[in-house]
Amino acid sequence: MPELNGYDTTKIIREKEIKTKEHVNIIAMTAYSMNGDRERCIEIGMDDYISKPFDMNTLKNVILRFI
């Protein structure tokens, strides 16, 4: 994202959820996985995390958890 990163975007979405009372599922997807990234994403308010490369079965399983 050119102006906001995933962390900032998640914070904005979570703040708006307070008003709307509707939860938006957020799954982080990154190509630059580092130690602690998953934990940081969950701590910030994302619902799950997946790093590239991944296989389609892994992606499918993550998505199925939320539908």
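In table form, for the structure just shown:
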{"quantity": "Lys pairs under 27 Å by Cα in the chain, provided they are eight or more residues apart or on distinct chains", "calculated": "6"}
{"quantity": "Candidates per trypsin sites (Lys or Arg not before Pro) in the stretch 5-67, loop by DSSP, up to 11 other Cβ within 10 Å", "calculated": "K21, R65"}
{"quantity": "Listed residues M56, M29, M46, most fluctuating in the chain (Gaussian network, C-alpha, under 10 Å)", "calculated": "M56"}
{"quantity": "The chain, dipole about Cα centre (Lys/Arg Cβ +1, Asp/Glu Cβ -1), debye to the nearest 20", "calculated": "140"}
{"quantity": "Sparsely packed GluC sites (Glu not before Pro) within the stretch 1-63, loop by DSSP, other Cβ within 10 Å at most 12", "calculated": "E3, E22"}
{"quantity": "The stretch 6-64: radius of gyration and largest Cα-Cα distance (Dmax), Å", "calculated": "12.3, 36"}
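No value in this document is a laboratory result; all are computed from the given coordinates. Treat the numbers as computed from the prediction; the structure is a model and nothing was measured. For neighbour counting, all protein chains shown are included, and Cβ atoms are generated from backbone atoms with ideal geometry for every residue, glycine included.
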